[in-house]
Amino acid sequence: MTTTVEMQHIRKYFDSSQVLACDDVSLSVAKGEVHAIVGENGTGKTTLMSILYGLVTPDSGQILIDGAPVRITHPNDAIRHGIGMVHQHFKLVPSFTIAENIMLGIEPNSAGFIDGKDEADGVRKLADSFGLPVNPDLRIREISVGMQQRVEILKILQRNAQVLILDEPTAVLTPQEVREFLNVVRRLAEGGRTILFITHKLAEVKAIADRVTTMRRGRNVGTHYANDQTIREMANLMVGRVVTLTVEKTPAKPAATVLEAHNLLVGGAGGMPAVFGASLDVRSGEILGIAGVSGNGQTELVEAIVGMRAVDGGQITLLGNDVTHALVRERRDAGLAHIPEDRMTTGLNLTTNLDENVVVTSYQNKPYSRSGIFDFAPVRKLAQEIVDKFAVKSARVGEPIKTLSGGNLQKIVLGRELKGDPKLIVANQPTRGLDVGSIEFVHKTLIEARDKGAAVLLVSVELDEILALSDRIAVMFAGKVVAVLDRAEATEEKLGLLMAGSSLEHAETASEKASA
Amino acid sequence: MISFIETYQRPLRIVAIIAGVAVLLLILFGLPINLLQSSIRLSTPYVLGSLAALVASRAGVLNLAIDGKMLFGAFIAVAVLFHTGYDPIVGVIAATVAGGVLGLIFAVLYLRIRINLVILAIAVNLFIANATVYFMRTLYGAFGTLADPSIRSLPTIDLPIISGIPYVGQLLSGHNIVVYLSWIMVAVVWIILFRTQFGRHLRAVGENKAAAESVGINITRVQIFALTVSGMLAGMAGSFLSIGVLSQFVDNMTDGRGWTAITVSLFAFEQPVPAFFTSLFFGLSEALSFYLQGRPELQLPPDLLLALPQLATIFALVLVALRIRTSELLKRRDFAGQFGQELEKLRQGKLAGAGD
Amino acid sequence: MNFLRRILDSISIPVIAVLLGLLASSLFVLLANVSPIDTYQQLFCEGFGPRGCQTFGDLFIFQAPNEDDGTTTTVFSPLYGSGGSRLALILEQATPLILTALSATVAFQAGMFSIGMNGQFVMGAITVGFLGVWLPAQIYSLAGVADYESAPELLRTIMHLIVPLICIAAAMGVGAFYSWIPGYLKVRLNVNELISTIIFNAIAVQLVGYLVNFPLRSDQNNIARTARIDDTAWLIPFNRTVFADVEWFSGARVGVGLFIALIAAALVWFYLKRTTAGYEQRMTRGSSLFARFGGISTGKATLRAMLISGALSGLAGVIAILGVERRVVDGFNQTQTGFDGLLIAILAREAILGILIVAPIFAGLNLGAINLQFGDLPRQLGGIIISFIILFNAMEDWLRERLRGIFKPRPRPEAPEAKEVAAS
């Protein structure tokens, strides 16, 4: 086997967060191979690949390309050695055209002056040659996410990448787009290119990878041929123990309707509408999960429901009261709790201490304050209560919280939001970026709340999470709720089609055919 | 008010254009010609200053020390001429270079030593304001103003063909070289920003640092360069103030023009050509204030007139903000209207944007 | 022990910044062909030392000359001085600075980088400059009395109490309003407050200049000024009655003003740390998303902060006029009280206690620099020193890096268990 890429004994320790991201990791990949790197969040996969691409310098270890040791200290070095990387968060300039983005940094020019037309023609030819046609004059802010990814891939192909590193490439694609993408990968590999891709979606690994390397806690815990392992085995290797892929829960006992949203029209970035006539309802004692590829209006819908975004049309009713234009505080007083998508910027204020974070939703009430003046003893008690009840480690009353881990931070958010037994809990990506233990905890907590009678609106891009937790599932696509199904009727195939824009009838007939 | 604007959008737009053209014609032909000439002349520091602001801002760094750099340029121009007695053009060059050096120092302090941008700008502006007066007194023994026979103001230039054109020729010809340089700079900056590789890199750095970094563009180098150029333009603007029309340096010569220049850049959405025209407007407001002061019969208090440019600046700031707000609001209302149609289409089984 | 170390840690950088600032400025002194040591000696003496101070040592223990017999007595310098010691003079100068620094702090703590203190200051000053003349005049004519001299004792006492109060309230209101405008522009239209407050300052200065030169001009003095405010508006009488016995205090013009400033400082501290309104604006600063998420009305919190900030700067204007000057003179704000307050707030890291310490030091430095004028060097040297101090102070992180051994290491983050932040 001719090895194209070899990483030997890579070690990387991050001072700033005191984390050993890579602990003596070795990896070797053959030419033309599709090699997957799997692992949970935070296990060092991206760091390893960032080292290969020159974004991060390792403390020790070496990299060999085609058998010869190389020094890669900057992406330019990596590019020179034929390595290209497509990042999880696209690095494109919104106001530039596709051609301008692809040629960024290597623009053909004479004495500094660029010929725009030549550039665009060159890009068109390039794209066609790889079977990935694009319109080079469109601006990035005007095109779809799937197309943006194509631009990113063309960007590295333009730089003659022979080794392509793809970081979580399917995170933002619909199931259909994923299939399309996997085809592209196969084609590129057949053309002699080596593909390294980072993912935590094991189904994709089975679908396309030749070999897979599993990372856990910064170490390479094994490289196997993809065919030799089942998904269950891969998952176990990833977490080091037997994993239950389902959540224990009793069937739901839904009662009265708590939240009702009707024909909502909500504006998104730049005035364009993000929610375009969405309707749904959530009853007490049930979990309604909203499935959908990120970017289809879920965030804006949640913001509209909690009061952080203006509603341009339609109505929202909470426990029978019209709250369409109500303030955040009014909705919270009526029993709404919100676990936001971004705990670090929205759910918490990392510049201050535990007490001030914990009291933000209730500071205006007794006993925390009286006629505008604080009484700190009850605040401290509340903080301690949350720390105890939710077992938040390393958090102390009166101490800053910015050094806590994601899991512990999320526990603080949960503790605060669930205090006072809210009637409606809106949870937006509640387990994003958390380790398995924390994910389990969050799931358990949400189910407990549901059993106590709360209505839970869960938004997640992880289909597994939606399927595991929800009693009913709504699918959002292009700003609308295209279907609401009972859990029993929802299969991954059906949901996938709905998430990609099929009509309900089409999805149902297609899935019937699939299971027949 | 928003709904009023929305309902009568089209007619309002027409009215605005007609009004705009009318005002323009009124200004061009209604006002005395020397007032217009002053306007063009006095707009120069705003032109150069706003170019300085937008070059830096497009690279992702808000240059809040433009006023200080302008003042520095003004001082250096005078100081150099004082010592050497050379042709005033040397003063302009010296001021530009000095501004560039200051810009470079500013860039290093901000990018390498990571000082908070606003505090750094405050410190730099404060320092220049004090240091110029300090040196004026200690090195030159001057109180309040620094003037000397060896300091000459820039000569005016008569453009050969253009000066022959009736009316317009009088407006365009007969200015000093910094004025013409400022016009040239507008074109130069535009070309560099939109037609060269470097300009594209600069804009990329300002819009999406991560994208630029990922293709190997050296962010720090681009920003240092941008700030240096920004400083040079500001320095050049300063030279106009001290030796363009006058031939002396006065304590606090810039009088807040640096800040107005930043506003011009914001108002023009960081585009060179709109910045140029906006600067003309501010030049007019400044010229007006002097003109009205020279008309005692109108009995207008000089202090209030001096505040004219400032009031204009506030007006501009508010206009920019309003423009952004209303355009966004209007877009949303637009879609609310279309929404009804979309819903219809949905019911007929056509989905918007399925797949790719 | 921990408390002591925390205090040391927080003042160490500012102290180093001051030393470095003085060092850097000495370059400029050298450029003027003057000895830096002599200059600094005179600077500190004029700013902080007793009359007749010559050396650094004199700042602490001074040989005071006895007028009658030509001998000297050893005195503790800060308190020495008949007719008001240097300390009293510094405190008098520091009083408006404390208020404008508080004003800046309140604005910053809501996330508003407002530079508007100067404008609010002069607006407050002109308000009392006007009211201090007009209001008593109205009351006199209502009572059928000609002026202060012919007013009965009872009327005088009542007026002494209510006239200053009304003036203070009005000035604070005007200052608050003038600060509210840029605040409103920011909240509703997202107009950059840094730029708008600078422009508003310029407008205020011009407006006041106009008012002093024309409508409110009182006499044909060379330099335009308003009329002398009535005795009932003046705050000095309070000093004379209350502090008559404190030798080093009396005769100076400090007194009520300082107390007002200290009370304001305490109130601001209480407001920021102990009230819900203060909490709201601090959370708005840290992360406005978080504040809105929790239900805080960030717009209201911001506007509230701007109102309070403006009121404080207006109050500073009051103290300057009612407490010291007795009239508004054209160009009285040459020293840029408002802007200085801003610098003090930055240097003191927005800590109330820090402001109370830094303000007198700042005032002393400025005093020293102004009096240096009678020596060789222009008072701009003070400005140069201060700009260097600000610069070095802002280099905190960089300095800490360079001097790592001396400082306590930063708090250690959680032990690595499942860190996903950097590693993914």
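The values are calculated or read from the model by the stated rules, or taken from the named source; none is laboratory data. Note that this is a predicted model, so its numbers are computed, not measured. Ideal geometry is used to build each Cβ from the backbone, glycine not excepted, and the neighbour counts take in all protein chains shown.
Scanning region B:205-259 for residues that are under 15 Å from B:Gly49 (Cβ atoms) and part of a loop (DSSP other than H, G, I, E, B) yields B:Met253, B:Thr254, B:Asp255, B:Gly256.
When C:Phe108 is tested against (1) among the aromatic types (Phe, Trp, Tyr); (2) under 15 Å from C:Gly317 (Cβ atoms); (3) within 14 Å of another protein chain (Cβ to nearest Cβ), exactly one condition is not met: (2).
So which residues in region C:168-197 are in a helix (DSSP H, G or I) and among the β-branched types (Val, Ile, Thr), if there are any at all?
Restricting attention to region C:168-197, the residues satisfying the condition of being in a helix (DSSP H, G or I) are C:168-189, C:193-197.
Residues satisfying the conditions are C:Ile168, C:Val174, C:Ile181, C:Val187, C:Ile195, C:Thr197.
Has region A:140-156 got at least one residue that is within 11 Å of chain B (Cβ to nearest Cβ), of a type in the set (Asp, Glu) and in contact (Cβ under 8 Å) with a residue 12 or more places away in the chain? Looking for residues that are within 11 Å of chain B (Cβ to nearest Cβ), of a type in the set (Asp, Glu) and in contact (Cβ under 8 Å) with a residue 12 or more places away in the chain, one finds at least one in region A:140-156, hence yes.
Scanning region A:107-139 for residues that are more than 10 Å from chain B (Cβ to nearest Cβ) and of a type in the set (A, V, I, L, M, F, W, C) yields A:Ala120, A:Val123, A:Leu126, A:Ala127, A:Phe130, A:Leu132, A:Val134, A:Leu138.
Looking only at residues of region A:450-472 that are surrounded by fewer than 21 Cβ atoms within 10 Å (Cβ to Cβ) and over 16 Å from A:Asp486 (Cα atoms), we find that the one that is farthest from the other protein chains (Cβ to nearest Cβ) is A:Asp451.
Could you tell me whether any residue of region A:113-122 is buried (at least 22 other Cβ atoms within 10 Å of the Cβ) and at pLDDT 85 or above?
No, there is no match, as no residue in region A:113-122 is buried (at least 22 other Cβ atoms within 10 Å of the Cβ) and at pLDDT 85 or above.
Residue-level check: of (1) over 25 Å from C:Lys186 (Cα atoms); (2) modelled with pLDDT of 85 or more; (3) of a type in the set (A, V, I, L, M, F, W, C), C:Ala291 misses just (1). Counting only strands (runs of 3 or more DSSP E) that sit wholly inside region A:7-113, those with at least 1 residues that are in contact with a Phe, Trp or Tyr (Cβ under 7 Å, 6 or more places away or on another chain) are A:19-30, A:34-38, A:83-86.
Scanning region A:314-350 for residues that are polar (S, T, N, Q) and within 16 Å of C:Arg292 (Cβ to Cβ), which turns out surrounded by the fewest Cβ atoms within 10 Å (Cβ to Cβ)? Give the steps one after another, and end with the answer.
Residues of region A:314-350 that are polar (S, T, N, Q), as a first pass: A:315, A:317, A:321, A:324, A:345-346, A:349.
Still in the running and within 16 Å of C:Arg292 (Cβ to Cβ): A:345-346, A:349.
On the way: A:Thr345: 15, A:Thr346: 23, A:Asn349: 26.
Within region A:314-350, the match that is surrounded by the fewest Cβ atoms within 10 Å (Cβ to Cβ) is A:Thr345.
Does region C:280-292 contain any residue that is within 14 Å of chain A (Cβ to nearest Cβ) and under 16 Å from the mean Cα position of the chain (by Cα)? Give the derivation first.
Step one: of region C:280-292, the residues within 14 Å of chain A (Cβ to nearest Cβ) are C:280-292.
This time we only want the ones that are under 16 Å from the mean Cα position of the chain (by Cα), so: none.
No, region C:280-292 has no match at all.
Name the residue that is nearest to A:Pro169 (Cα to Cα), counting only residues in region A:65-83 that are more than 10 Å from every other protein chain (Cβ to nearest Cβ) and in contact (Cβ under 8 Å) with a residue 12 or more places away in the chain.
Quick first cut of region A:65-83, residues more than 10 Å from every other protein chain (Cβ to nearest Cβ) only: A:65-73, A:81-83.
Checking which are in contact (Cβ under 8 Å) with a residue 12 or more places away in the chain leaves us with A:65-67, A:72-73, A:81-83.
Numbers: A:Ile65: 24, A:Asp66: 25, A:Gly67: 28, A:Ile72: 23, A:Thr73: 24, A:His81: 22, A:Gly82: 19, A:Ile83: 16 Å.
Checking each candidate, the answer is A:Ile83.
Among the residues making up region A:275-298, a single one is modelled with pLDDT under 85 and more than 14 Å from every other protein chain (Cβ to nearest Cβ): A:Ser294. Restricting attention to region B:47-95, the residues that are surrounded by 24 or more Cβ atoms within 10 Å (Cβ to Cβ) and aromatic (Phe, Trp, Tyr) add up to 2.
Checking the stated criteria, A:Leu301 turns out not to satisfy the condition of being surrounded by 24 or more Cβ atoms within 10 Å (Cβ to Cβ) and within 12 Å of C:Phe293 (Cβ to Cβ).
Quick grid of which residues meet (1) in contact with a strand residue (DSSP E or B) (Cβ under 7 Å, 6 or more places away or on another chain); (2) of a type in the set (S, T, N, Q); (3) closer than 13 Å to B:Gly231 by Cα:
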| position | (1), (2), (3) |
| --- | --- |
| B:Ser50 | no, yes, yes |
| B:Gly68 | no, no, yes |
| B:Gly73 | no, no, yes |
| B:His83 | no, no, no |
| B:Val97 | no, no, yes |
| B:Phe106 | no, no, yes |
| B:Leu111 | no, no, no |
| B:Arg114 | no, no, no |
| B:Arg137 | no, no, no |
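Determine, yes or no, whether A:Leu104 is crowded, with 22+ Cβ neighbours inside 10 Å and within 14 Å of chain C (Cβ to nearest Cβ). For A:Leu104, the condition - crowded, with 22+ Cβ neighbours inside 10 Å and within 14 Å of chain C (Cβ to nearest Cβ) - is not met. Just to be sure before I move on: is A:Asp312 modelled with pLDDT under 90, of a type in the set (Asp, Glu) and assigned to a strand (DSSP E or B) in the structure I sent? Against the criterion (modelled with pLDDT under 90, of a type in the set (Asp, Glu) and assigned to a strand (DSSP E or B)), A:Asp312 qualifies. Remark: B:Pro272 falls outside the filter, which requires a residue to be touching a residue at least 40 places away in the same chain (Cβ under 8 Å), within 14 Å of chain C (Cβ to nearest Cβ) and buried (at least 19 other Cβ atoms within 10 Å of the Cβ). Taken over region A:47-64, the criterion of being within 23 Å of A:Gln158 (Cβ to Cβ) and either surrounded by fewer than 20 Cβ atoms within 10 Å (Cβ to Cβ) or within 12 Å of chain C (Cβ to nearest Cβ) (or both) is satisfied by A:Met49, A:Ser50, A:Leu55.
Of everything in region A:209-223 that's aliphatic (A, V, I, L, M) and outside any loop (DSSP other than H, G, I, E, B), which residue is farthest from the other protein chains (Cβ to nearest Cβ)?
In the first step, residues of region A:209-223 are kept if they are aliphatic (A, V, I, L, M); the result is A:209, A:212, A:215, A:221.
Within this subset, residues satisfying the condition of being outside any loop (DSSP other than H, G, I, E, B) are A:212, A:215, A:221.
Numbers: A:Val212: 18, A:Met215: 10, A:Val221: 15 Å.
So the residue we want is A:Val212.
Contact annotation: residue pairs with Cβ atoms under 8 Å, 6 or more positions apart or on different chains, pairing a residue in region A:300-323 that is more than 14 Å from chain B (Cβ to nearest Cβ) and under 19 Å from A:Pro422 (Cβ atoms) with a partner that is in a helix (DSSP H, G or I) and not hydrophobic (A, V, I, L, M, F, W, C), are A:Val306/A:Arg331; A:Gly307/A:Glu330; A:Gly307/A:Arg331; A:Met308/C:Arg292; A:Leu318/A:Arg331; A:Val323/A:Glu330; A:Val323/A:Arg331.
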